[in-house]
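Just below is one structure, and these are the notes that go with it.
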Amino acid sequence: MHTITLIPGDGIGPEITKAVQDIFSAAGAPIQWEEQNAGQTTFDQSGELIPQSLLDSLEKNRVALKGPITTPVGKGFRSINITLRQKYDLYQNVRPAKTTEGIESRYTGVNLVLFRENTEGLYSGLEVYDERLGISDSFNRITVEGSRKICRAAFAYAAKHGRKKVTLAHKANILKMAGKLMLDACKEAATEFPQIVFEDKIIDNMCMQLVNKPEQFDVVVTTNLFGDILSDLCAGLVGGLGVVSGANIGDKMAIFEAVHGSAPDIAGQGKANPTALLRSGLMMLHHLGEHALADRIEKALDETLKHKEECTGDLGGKASTSEFAQSIIGRLA
Ligand code: NAI
Ligand code: MG
């Protein structure tokens, strides 16, 4: 039995986490959930954004499944996602994007895995503002150590999963220092993995190439903010935000969550697609060594995806979140 911290999150979070729990329980997954929340919901209830009980649970279990958490734009609290990623050095944000039979897309044959550095760079949100001058400065802190860790992780993943190529997306032509750190780190990692092809692309060209010919990419590694943007772009290549999964991985802890956010526009209406979080849950099962169980659930999901009418509206269907989950449960072998 695995004890897993479950963070339902905000917006559509509770609906999709419930769907995943139902599917896992119907599949007989040996998982005991320890439910702990964070964010707006807990703040409204208890005045705490990240309760100590959540941190205790994470530190004890070291594996979590997490729903999305709302981060208000402008003044407001610092992102809880960033706080957790930095506090526990979850330096790898792993986001696969794959075209799947039944999910409509303009493309075929897309099968890439994005490795986004998850703790440094502009996305850290370290900023100062001088009101008198009307100037803000945002810090793009990149470290040699952080660059080495994420680049090495991308190559190690490629080697372990029989992938052939790693592409670094960067802006080293303009960011001569920060960009070069990642480039040097990747070149260094590449020498350790001579069987893997290494190439680098400047980020703007990378965006064009991804939209034009995404099937050429295999493993992609990049810095935090570029990775945030590229992963939503990659979602668009394979059916949208409702279907792409992710994992925040460190050497001592892993938090699995979808790429998408709390989707306030559809929250509480039973419209949310649970596939993205379910696939994140499948990544979690693989992480726990429950490979056969993950494959069994994935088969039921893939079969259901071929029946559009049983899927949620974003996939062209009419089913609610829970009806979709029930269809997947009905196909569990
Ligand atoms: P979003 O990803 O929540 O939504 C973008 C669009 O995709 C919306 O139209 C939404 O309805 C749709 N969508 C997203 N997930 C879906 C699903 N499972 N099924 C069907 N449609 C889905 O991005 P947005 O609106 O920019 O952000 C909303 C909030 O979420 C913000 O506060 C943001 O900071 C937060 N956020 C949190 C993340 C996390 O906790 N990891 C990640 C991304 C955003
Ligand atoms: Mg994002």
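The values are calculated or read from the model by the stated rules, or taken from the named source; none is laboratory data. Everything numeric here is computed off the predicted structure, so don't read it as measured data. FYI the Cβ positions are ideal-geometry reconstructions off the backbone, even for glycines, and counts take in every protein chain you see.
General observations
- Where strands (runs of 3 or more DSSP E) sit wholly within the stretch 218-261, those with at least 2 residues that are at pLDDT 95 or above and in the same structural domain as LEU114 (by TED's automatic domain parsing) occupy 219-222.
- Filter result for ALA267 (closer than 17 Å to LYS98 by Cα, assigned by TED's automatic domain parsing to the domain that holds LEU54, within 13 Å of ligand 1 (Cβ to nearest atom) and among the aliphatic types (A, V, I, L, M)): no
- Per-region count, the stretch 225-261, residues near ligand 2 (Cβ under 10 Å from one of its atoms) and among the polar types (S, T, N, Q): 1
- Among (1) surrounded by 18 or more Cβ atoms within 10 Å (Cβ to Cβ); (2) out of contact with any Gly (no Cβ under 9 Å at 6 or more places or on another chain); (3) of a type outside the set (Val, Ile, Thr) - the single one CYS207 does not satisfy: (1)
- Checklist (1) more than 16 Å from TYR123 (Cβ to Cβ); (2) in contact with a helix residue (DSSP H, G or I) (Cβ under 9 Å, 6 or more places away or on another chain); (3) surrounded by fewer than 18 Cβ atoms within 10 Å (Cβ to Cβ) applied to ASP265, failing item: (2)
- Pairs linking a residue in the stretch 57-80 that is aliphatic (A, V, I, L, M) to a residue that is near ligand 1 (Cβ under 8 Å from one of its atoms) and in a loop (DSSP other than H, G, I, E, B), with Cβ atoms under 7 Å and 6 or more positions apart or on different chains, are ILE69/GLY9; ILE69/ASP10; ILE69/SER262; ILE80/ILE69.
- Residues in the stretch 230-247 that are within 12 Å of ARG95 (Cα to Cα) and more than 9 Å from ligand 1 (Cβ to nearest atom) were compared, and the one that is surrounded by the fewest Cβ atoms within 10 Å (Cβ to Cβ) is LEU233.
- Any hit, the stretch 161-184, residues being on the phi > 0 side of the Ramachandran plot and among the small types (Gly, Ala, Ser): yes
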